[in-house]
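Trainee: Next up is a structure, given as structure tokens.
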Amino acid sequence: MDLKAMQKAVEKYTLKEPMTLEELYDLMKQRWNTELPGTFQLKKGLMGKSILFDVYMQVQPKVTIKDNVVTVRKISNSTSVNVGGGPGIDIKASAEYKKAFKEGGFKNAVSGGPAYFNGVCDTMREILSDRI
């Protein structure tokens, strides 16, 4: 994976016709393959509704839609635990990094989170291909 792909934080798709977030969520549920990266849920928050994916290596894809523009955004999400006022450690992310390192070496451990985000973007492009 090249450096530019690792740094990508936002991907946008312009649809032919406007769609609601609920319609997009239903379309994703119909077309999402279980072998593809991540699971997702429709969530309501302070900033409105969105479709949130699971967190992997501190990366969480977030999908929103406004009129006919679908936006996939990379959110950094970590849960740190510290003991005695020392530096915090994200235990879940550390375990994911170790597993990725064992499976594919240093390169896989470094590019795991961005690869997950890019996989979600690629899958969204496939799902929306007939509507773009």
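No lab work stands behind these numbers, since they all come straight from the coordinates. As the structure is a prediction and not an experimental result, all values here were calculated from the model.
Trainee: Show the residues, 5+ positions off or on another chain, whose built amide H is closer than 5 Å to the amide H of Leu15.
Mentor: Val69, Val70
Trainee: If you don't mind, there's one more thing I want to ask. List the residues, sorted by chain then number, that are 5 or more residues from Val59 or on another chain and whose placed amide H is less than 5 Å from its amide H.
Mentor: Distant-sequence amide H within range of Val59: Asn77.
Trainee: Among Lys43/Lys66; Lys43/Lys74; Lys16/Lys44, which pairs are too far apart, with a Cα-Cα distance over 21 Å?
Mentor: Lys16/Lys44
Trainee: I'd like the Karplus ³J(HN,Hα) series for region 41-49: coefficients 6.51, -1.76, 1.60, θ = phi - 60°, whole numbers in Hz, and an x wherever there's a Gly or Pro.
Mentor: 9, 7, 10, 10, x, 5, 8, x, 7
Trainee: Does region 15-68 come out rounded, prolate or oblate, given a ≥ b ≥ c as the square roots of the eigenvalues of its C-alpha gyration tensor, rounded meaning a/c under 1.5 and, failing that, prolate meaning a/b above b/c?
Mentor: oblate
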